[in-house]
Structures are given as structure tokens and as C-alpha cells.
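Values quoted throughout were computed directly from the atomic coordinates according to the rules given, and no laboratory measurement underlies them. For clarity, every value in this text was computed on a predicted model and none was experimentally measured. Heads up, the Cβs are rebuilt from the backbone with ideal geometry, glycines too, and the neighbour counts pull from every protein chain shown.
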Amino acid sequence: MELPRISTVMSKLTQKVQGETVALADARMPAGEIAFAIGDIHGRNDLLLSVIERITKQDYVYEYQKRHIVLLGDYVDRGNMSKEVVQTLVDLDLPDFNIVTLDGNHEASMRGFLDEPLKGKRWLHFGGDATLRSYGVDFQLDTVTEVDIAAKSAELAAALPANHKEFLYGLKGYYSLGDFFFTHAGVNPKRSLADQTERDLLWIRSEFLTHDRLYEKVIVHGHSISAQPEFKDNRIGIDTGAFYSNDLTCLALYGRSKNIL
């Protein structure tokens, strides 16, 4: 499925001529604005709460007129607190911040399992089993049958609070601020930012990671785990494998500064 065209929106945001690109060193936030991007959480509510507390306790943050927190998706699976992570984000009450929750491939897969259990059963093999258990659905991956899969999907649907379902089905595919384009996995180098598909934004990997030319904006993404945050000329990757490394990365962007909190 393709995302709606965003050409009109992007032209207003970038105010760039067609074909113009920006490098990391030159990329900047709009004047008077600061953004914090948070990488893949994967069921680590403990780390999420810690990062949010650190953001809100930075005195310099309140010198900016507009403050943004952009979460890059993959809130569920693998870690054992997926339900708690979603609850934290649903309840997040930070009136001084614009909160943006982006879609991740794991949320898309969870929706697929809810909508078409047998077609979406692959989700169970890359972390979905942990999410089921966090919602109180007893599940053993090694003995599951197709009948079980349909039943467990129904159990999960029944266990999801209405506001959790609304959250999962209301996530954004991308967000743009100044010279930065935020999305979960990355972008297809063969397409303009205005013409990206949902699949590329949520799933792309090698084609994006190996591309070394510049884009219309610097891409801020998660999805692909690295031991340390990756600062490349055309992108910043901040998935540091929180579910097993205990490191949930948060990137602070203001002016031309790009710092890890």
C-alpha cells in the first residue's frame, strides 16, 4: 500500500528547488525549535520512562519556543513490556511538547496479525509472542497450530484497550522538521521524499543503508541495529538494540547541533 502523496506538504516544509540536497553538517532545525528523536523501544518501558524524564529535566529545552519528541516506531515485541510501552505513550501528557509517534514494521505486523491472523502469523516469529504475553494472552510458539493462531488473534483483539487499538491504527509514516525527515526504516533512494511508499518507510534496509548520496533532507531513522548511533552524511541511525543492549538512544536536534542525549 502506498502512502498518500505528500508533494504539497513537503514543498511547503522544504522550500527547496527540485534536486537540491542537504548534508549532515549543514542540516539545521528551524529557528526557535528543538527536537528529540527516540529510537526503537521494543517493549522496554523502563528505558522509555528514563529517557522521557531526562528530556523533560533539561533546563535548556525550555529556552526553545517549540519542542518536539519524535518516536521512530517499533514500540512492541521482543521486550516483555509492550503493553506498558503503549500505555505510557497513550497516557503521555507533556503539554510543552509536540509528541509524534511514527509507525514501525512491528506495529504494522501486529495490525496484520489482528486483521488477517493466518496471513500475518509470521509476526509471531520475530517478537509477536512477547507482545501476546504482555497483553495476558498465553502463547507457546513451538506448539502453535493454525486453529491456535486464529484464536490467539481474537484473544489479543479482546485484550487490547480501545485507546491502544486507536494508537496502533493511528501512527504516522513520516515527519519532517527543518532539514530532517524522520521515519522508521529509511527511504528508497530511487524515489523523492514526496513519493515514498509505506513499505519502504517501514521495511527498507540494505538499499537505503548502502546509499551514500545526499537526499532532500537528512534521514533520521531506526530499524537497523548498530552498536552506536550512526552519523552519516545523508542519515542518522539511532536503533541501538534497546531490548537487549539496555541502550535506548535519544537524539537531540537544535540549530545545527546533532547530539546524543
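General remarks:
- Comparing K190, K172, K121 in a Gaussian network model of the chain (Cα springs below 10 Å), the most mobile by mean-square fluctuation is K190.
- In nm, spacing of pseudo-spin labels at S245 and D138 (7 Å Cα→C-beta vector): 3.7 nm
- Centre-to-centre, using Cα atoms only, region 38-117 and region 163-221 are separated by 17 Å.
- Proximal lysines to K119, defined as alpha-carbon separation beneath 16 angstrom and excluding residues fewer than eight positions away on the same chain: K152
- To the nearest ten degrees, helix 146-159 and the longest principal axis of the Cα atoms of the chain are 60 degrees apart.
- Largest GNM mean-square fluctuation across F113, F167, F126, computed for the chain with C-alpha springs under 10 Å, falls on F126.
- Cβ-derived FRET efficiency at R0 35 Å, T88 paired with A154, nearest 0.05: 0.85
- Those residues of region 133-159 whose amide nitrogen sits under 17 Å from the label point placed on D115, 7 Å along Cα→Cβ: 153-154, 157
- Per-residue ³J(HN,Hα) for region 75-89, Karplus 6.51 cos²θ - 1.76 cosθ + 1.60, θ = phi - 60°, Hz, x for Gly and Pro: 7, 9, 6, 6, x, 9, 10, 4, 4, 5, 4, 4, 4, 4, 6
- Projecting the Cα atoms of Y175, V86, H211 onto the dipole axis of the chain, where Lys and Arg carry +1 and Asp and Glu carry -1 at the beta carbon, places H211 farthest toward the positive end.
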